[in-house]
Amino acid sequence: MPLNRKFTFSQQKIHHYLECQRRFELKYILQQPWPAIRSQPVIEMERQMLEGQQFHLMAQQYLSSIDPVLIETQINSEKLNNWWQSFISFSNSFLTQQKQIETQLVGDIAGFRFIAILDLLVFQPPDHFLILDWKTNTQKPNRSIIEQQIQTRLYPSLLVTAGSSLLPNTSVSPAQVEMTYWFANHPNEYETFIYSKSKYEEDLIFFEHIVKEISQQTDFPKTEKESRCKFCEYRSLCNRGVQAGESIENDEINWQEKIETIDFDQVGEISF
């Protein structure tokens, strides 16, 4: 089935395509309902996801200048409290800076709309833009792995591509962009990536190639790496087993963004 021109790309969708083209087709083109759970045990998987969502909400509230005492009433576990205390120390300096929280960044690449949800975007005068993202992964990936994540490539490139709406009469150049990941379980081991013109050009070519490939594709084959199937909701449709993998092996649930519920027709360009 050809890709509709109104299709909106995100880092999560591209990640799924690169992991398994058949999963991408079932999930985003055919919109097939999930026939199976992603990983076992179900309660543990849901707990991890809820803790990550709760932490992101608390971070958003704190950066929006809501009274920390009120925010702390939401804490219901030692883990969440540890994350919170570490986050306060890390993020305190951003409270007084010009910023956007949970910003929807939308831009056009190769004729298709791309969207990114930025946990925090800070403008540091005179001309520096800092993208920050919070991660609740149990394990912190190696820097080389983080650097190759679709998110690390898409967020800065999309900020450059669509950043002209941030400030009046201002454009964003690659050299002005920096991205930092902060890990709640490893609060002193955050990773920062400086963007550049060469990286931007490389990333644009990469995303344009992906878009062209997907938009012209009519056959979406299953992945050859069957180990990925034990964490796929569609494994039974592909005759790749029915038993889910253990959630402890699947730290991806706290890495990939959750934006499938967004009504893309209602999303506009970002403003500062």
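Filtering the stretch 202-251 to residues that are under 21 Å from the mean Cα position of the chain (by Cα), exposed (fewer than 14 other Cβ atoms within 10 Å of the Cβ) and either closer than 30 Å to Thr103 by Cβ or modelled with pLDDT of 60 or more (or both) leaves Glu202, Ile205, His209.
Within the stretch 63-117, the residues that satisfy the criterion of being at positive phi and under 23 Å from the mean Cα position of the chain (by Cα) are Glu102, Ala110, Gly111.
Inside the stretch 95-130, residues that are more than 30 Å from Leu204 (Cα to Cα) and either basic (Lys, Arg) or touching a helix residue (DSSP H, G or I) at 6+ places or on another chain (Cβ under 9 Å) (or both) make up a count of 1.
Cβ-Cβ below 7 Å, separation at least six or inter-chain, first residue in the stretch 53-79 and in a helix (DSSP H, G or I) and at pLDDT 95 or above, second surrounded by fewer than 16 Cβ atoms within 10 Å (Cβ to Cβ) and charged (D, E, K, R): which pairs? Taking only residues 6 or more apart or on different chains, the pairs are Gln60/Glu102. Among the residues of the stretch 178-206, the one identified as farther than 22 Å from Pro141 by Cα and either outside any helix (DSSP H, G or I) or in contact with a Leu (Cβ under 7 Å, 6 or more places away or on another chain) (or both) is Ser196.
Take Leu132 and decide whether it is touching a strand residue (DSSP E or B) at 6+ places or on another chain (Cβ under 9 Å) and at negative phi. Yes: the conditions hold for Leu132. Within the stretch 80-115, being of a type in the set (A, V, I, L, M), crowded, with 17+ Cβ neighbours inside 10 Å and assigned to a helix (DSSP H, G or I) holds for one residue alone: Leu80. Applying the set (1) surrounded by 13 or more Cβ atoms within 10 Å (Cβ to Cβ); (2) of a type outside the set (Asp, Glu); (3) touching a Ser or Thr at 6+ places or on another chain (Cβ under 7 Å) to Ser171 leaves exactly one unmet item: (1).
The values are calculated or read from the model by the stated rules, or taken from the named source; none is laboratory data. Small disclaimer: the values here were computed from a predicted structure and weren't measured. Positions of Cβ are backbone-derived with ideal geometry, glycine not excepted, and every protein chain shown enters the neighbour counts.
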